[in-house]
Each structure stands twice: as C-alpha cells, then as structure tokens.
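The values are calculated or read from the model by the stated rules, or taken from the named source; none is laboratory data. Bear in mind that the values here come from a model prediction, so they are computed numbers and not experimental data. Positions of Cβ are backbone-derived with ideal geometry, glycine not excepted, and every protein chain shown enters the neighbour counts. Ligands, DNA and RNA are stripped out before the accessible areas are found, and what is left, the full protein with its side chains, is counted by its heavy atoms. Shrake-Rupley method; radii C 1.70, N 1.55, O 1.52, S 1.80 Å.
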Amino acid sequence: MQCNRCGHKLEVVRQCRRVRLKCSGCHHEYQIHEVAADLDRETEELLERYTCIIYD
Ligand SMILES: [Zn+2]
C-alpha cells in the first residue's frame with residue numbers, strides 16, 4: 001500500500017515486539033491501527049507473517 005503523504009510504498013518493519021509500516025519515501029512511520037482500514041491484500045499477507053503482533 002502507499003503512503004498517504006507522499007505516495008511511496010509502505011514497508012512493514014518490526015521493532016522489538018511491535019510492527020509498524022514505514023514509508024520508503026518520507027520515512028514516516030504509521031501504526032497499524034492508523035492504516036488498518038486501508039490495508040491492501042499484499043500488506044495484510046506481510047503482516048500475517050508476524051505471529052505475535054501487538055496492534056497498539
Ligand atoms: Zn511517505
């Protein structure tokens with residue numbers, strides 16, 4: 001999925017026990033709940049690989 005600030009691709013990044021989506025363009029980090037409504041299938045599948053995600 002794409003950053004709603006700059007349109008670059010969001011990458012899934014794991015930080016300790018938390019997962020964030022980070023923009024490859026502007027490097028803004030999104031919490032999962034911020035973008036949950038807009039997750040596309042590709043991003044959902046990436047997130048499903050993390051078995052103990054805390055959606056904070
Ligand atoms: Zn961005």
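Here are the numbers for this structure:
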| read-out | value |
| --- | --- |
| Region 20-52, residues that are open to solvent by 60 Å² or more (accessible area, probe 1.4 Å), within 16 Å of the ligand (Cβ to nearest atom) and of a type in the set (D, E, K, R) | K22, E29, E34, D38 |
| Scope region 1-37; condition over 11 Å from the mean Cα position of the chain (by Cα) and among the aliphatic types (A, V, I, L, M); matching residues | A37 |
| Qualifying positions in region 2-19 - on the phi > 0 side of the Ramachandran plot and more than 9 Å from the ligand (Cβ to nearest atom) | C16 |
